[in-house]
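Okay, structure first, notes after.
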Amino acid sequence: MINTRGRGAFALAAALVVGFSALAEPAAEKAGDEPLDPEQVQRGKELYAAHCSHCHGFNMVSAGTVTYDLRGFPRDQRERFFESVTNGRNSRMPPWGDAISQEEIGDLWAYIRTGGKS
């Protein structure tokens with residue numbers, strides 16, 4: 001005789017694990033939603049003004065050049081931002097990895113996440 005009493009409990013537990021896993025995935029995809037540190041945003045704004053605004057525009061409002069509109073940069077693509085700033089992008093954006101630190105790029109990222117509205 002096969003014991004079927006435990007199957008219902010097992011099935012329920014498995015369903016809960018799968019359900020909670022599915023709920024956790026969207027939160028991981030929204031990595032750009034974590035709270036911003038106002039001091040870090042301010043440091044990023046200052047770095048942006050010194051290093052980025054001449055191409056990407058004051059407060060990220062482009063002057064119609066061929067540069068990327070950073071106001072639309074995907075907030076869940078932090079790694080892409082770090083890679084682009086550190087190593088440059090094609091011939092349009094020079095690498096900044098030797099000029100500014102990874103911590104400063106993190107400050108820039110905080111400011112970029114505001115869309116220039118800080």
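The values are calculated or read from the model by the stated rules, or taken from the named source; none is laboratory data. Keep in mind that this is a model prediction, so the values were computed, not measured. In this analysis, Cβ positions are derived from the backbone assuming ideal geometry, glycine residues included, and neighbour counts consider all displayed protein chains.
Taking the criterion of being at pLDDT 90 or above, buried (at least 16 other Cβ atoms within 10 Å of the Cβ) and either touching a Leu at 6+ places or on another chain (Cβ under 8 Å) or among the small types (Gly, Ala, Ser) (or both), would at least one residue in segment 95-102 satisfy it?
Yes - at least one qualifying residue is present in segment 95-102.
For a quick check of your reading of the model, give me the residue pairs whose first member lies in segment 30-42 and is at pLDDT 95 or above and surrounded by 11 or more Cβ atoms within 10 Å (Cβ to Cβ), whose second is not in a loop (DSSP other than H, G, I, E, B) and not hydrophobic (A, V, I, L, M, F, W, C), with beta-carbon atoms closer than 7 Å and at least 6 apart or on different chains.
GLN40/ASP107; VAL41/TYR111
Answer yes if at least one residue in segment 67-87 is part of a loop (DSSP other than H, G, I, E, B) and among the small types (Gly, Ala, Ser), and no otherwise.
Checked segment 67-87: no residue is part of a loop (DSSP other than H, G, I, E, B) and among the small types (Gly, Ala, Ser).
In the set ARG75, ARG89, ARG71, which member is in contact with a helix residue (DSSP H, G or I) (Cβ under 6 Å, 6 or more places away or on another chain) and either over 18 Å from CYS55 (Cα atoms) or surrounded by fewer than 16 Cβ atoms within 10 Å (Cβ to Cβ) (or both)?
From the options ARG75, ARG89, ARG71, the qualifying one is ARG75.
If I ask for residues that are farther than 9 Å from ASP107 by Cα, of a type in the set (A, V, I, L, M) and part of a helix (DSSP H, G or I), which ones from segment 36-52 would you list?
Correct list: ALA49, ALA50.
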